[in-house]
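The values are calculated or read from the model by the stated rules, or taken from the named source; none is laboratory data. These numbers were taken from a predicted model, which means no experiment stands behind them. A quick note on method: Cβ atoms are made from the backbone with ideal geometry, for glycine too, and the neighbour counts reach across all protein chains shown. Side chains included, ligands, DNA and RNA excluded: accessible areas come from the protein's heavy atoms. Shrake-Rupley method; radii C 1.70, N 1.55, O 1.52, S 1.80 Å.
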Amino acid sequence: MTVLEDQGVSPLMVHAPAADTPDLSTVRPDVDALLTAFLDRQARLALGPETAPLSSELSRLLQRGKRLRPQLCVAGWHAGEGHGAYNDVLHVAGALELFQAFALIHDDVMDGSDLRRGRPTAHRALAAVYVAGGGRPSRAEAHGLSAAILLGDLALVWSDELLHRGLGGEALARILPLMDTMRSELVYGQYLDLLSTDRLSDDVEAALRVVRYKTAKYTVEWPLRLGAVLAGATPGVLDACSAFAVPLGEAFQLRDDLLGVFGDPAETGKPVGDDIREGKATVLMALALREATAAEEQLLRTLVGRPDLAQEDIFRVRAVLERTKARQQVEEMITSRRDAALSVLAQAPLPAAATTALREIAQIATVRQA
């Protein structure tokens, strides 16, 4: 009996592509099918119709993900020459997406964000469901925040459950220590981000430390290493995966920082300037403070972190980021980190096709508009 049959749904028939011909275009539909089957089963096991908004909201959130982590996980599996069952790596990839949902839901609660991927964030959506069901509007915000915290917790629990349902004992024993470390690092990174918010500083290294642990390692390094470990990769391959992943992960977050200030809301799905209103102590802000005049520094410290900023104030902050060349420096940092990651691939002991797949991911992760 397959894992999916044991879950009470039709089995997902996925044939492992040959290790020397990875096709990342199949990862999304394969992971989507796995997550749909899993969430359908979880919905049927719900306590009753009252809890249905939780699983339906999680399904909604999962529909629009980039699936970057699953692609990296599968690419890592190919880098390790794809030993073992392809369905095993798909379950790890699916678990990563559920973990990502947990992280995003809680992040939006902490940041007080209204939109995620062009739609209401989980706490806003659950507040609306509460009012539509007869709840008092005066309690809608508190209900939405509390329900979203529970939904994030549920996504984390289900991430672990999907792993345990999909992997055998030996594979699970190899994967769990890495998953535990990844989860802990993300929490620590998120806390560092929380500590630095609304405390602008010109300490670029401190800002980069937040980038490394809040995003870079869990977005790129750990998914890549998880796939490689599952495939039985050698220590040399694992070292190459990390050497490639950390600079690329930093470049990924630096691109996010630029998009949060200069991006097109139609592309990013979030209002422009949210990071400015929230007072995020990004690398972009640290670089600007290093080069700002006294008047510009005063403007940044006065405006950044004010949730009621008008659009013209956002433009004033952006003008400082442009004049100090902070935006240009971040672009240069993205390029240099992407180049560093690609230079690792040029010397790494990886199958040629896996190297090609990782080059493609590096390009997508750093040149994106959303």
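Before moving on, here are some points about what is shown:
- Of residues in segment 20-57 being outside any helix (DSSP H, G or I) and open to solvent by 50 Å² or more (accessible area, probe 1.4 Å), the one nearest to Leu98 (Cα to Cα): Leu45
- In segment 31-56, the residues that are among the charged types (D, E, K, R) and at pLDDT 95 or above: Asp32
- Qualifying positions in segment 230-284 - surrounded by 20 or more Cβ atoms within 10 Å (Cβ to Cβ), acidic (Asp, Glu) and without any contact (Cβ under 8 Å) to a residue 40 or more places away in the chain: Asp275
- Residue count for segment 333-349 under the criterion of being buried (at least 17 other Cβ atoms within 10 Å of the Cβ), of a type in the set (A, V, I, L, M, F, W, C) and out of contact with any Asp or Glu (no Cβ under 9 Å at 6 or more places or on another chain): the result is 4.
- Top-ranked residue in segment 319-332 [being part of a helix (DSSP H, G or I) and open to solvent by less than 30 Å² (accessible area, probe 1.4 Å); ranked as farthest from Val283 (Cα to Cα)]: Val320
- Near pairs, Cβ below 9 angstrom, 6+ apart or cross-chain, from segment 152-169 (among the β-branched types (Val, Ile, Thr)) to any residue that is open to solvent by 10 Å² or more (accessible area, probe 1.4 Å): Val157/Phe102
- Within segment 184-206, the only residue that satisfies the criterion of being hydroxyl-bearing (Ser, Thr, Tyr), touching a residue at least 24 places away in the same chain (Cβ under 8 Å) and open to solvent by 60 Å² or more (accessible area, probe 1.4 Å) is Tyr188.
- Of all residues in segment 69-100, exactly one satisfies the criterion of being farther than 18 Å from Leu230 by Cα and either open to solvent by 10 Å² or more (accessible area, probe 1.4 Å) or outside any helix (DSSP H, G or I) (or both), namely Gln100.
- Out of Thr335, Thr268, sole residue that is at pLDDT below 95 and either more than 25 Å from Gly118 (Cα to Cα) or among the polar types (S, T, N, Q) (or both): Thr268
- Qualifying positions in segment 177-206 - among the β-branched types (Val, Ile, Thr) and either assigned to a loop (DSSP other than H, G, I, E, B) or more than 25 Å from Ala292 (Cβ to Cβ) (or both): Thr181, Val187, Thr197
- Of all residues in segment 148-174, those satisfying the criterion of being over 30 Å from His83 (Cα atoms) and either in contact with a Leu (Cβ under 9 Å, 6 or more places away or on another chain) or not in a helix (DSSP H, G or I) (or both) are Ala148, Leu150, Leu151, Gly152, Leu154.
- Scan of segment 113-147 for residues that are touching a residue at least 40 places away in the same chain (Cβ under 8 Å) and outside any loop (DSSP other than H, G, I, E, B), ordered by number: Leu115, Arg116, Arg119, Ala122, Ala125, Leu126, Val129, Ala147
- Qualifying residue in segment 207-229 (condition: touching a residue at least 60 places away in the same chain (Cβ under 8 Å), surrounded by fewer than 23 Cβ atoms within 10 Å (Cβ to Cβ), not acidic (Asp, Glu) and not in a helix (DSSP H, G or I)): no
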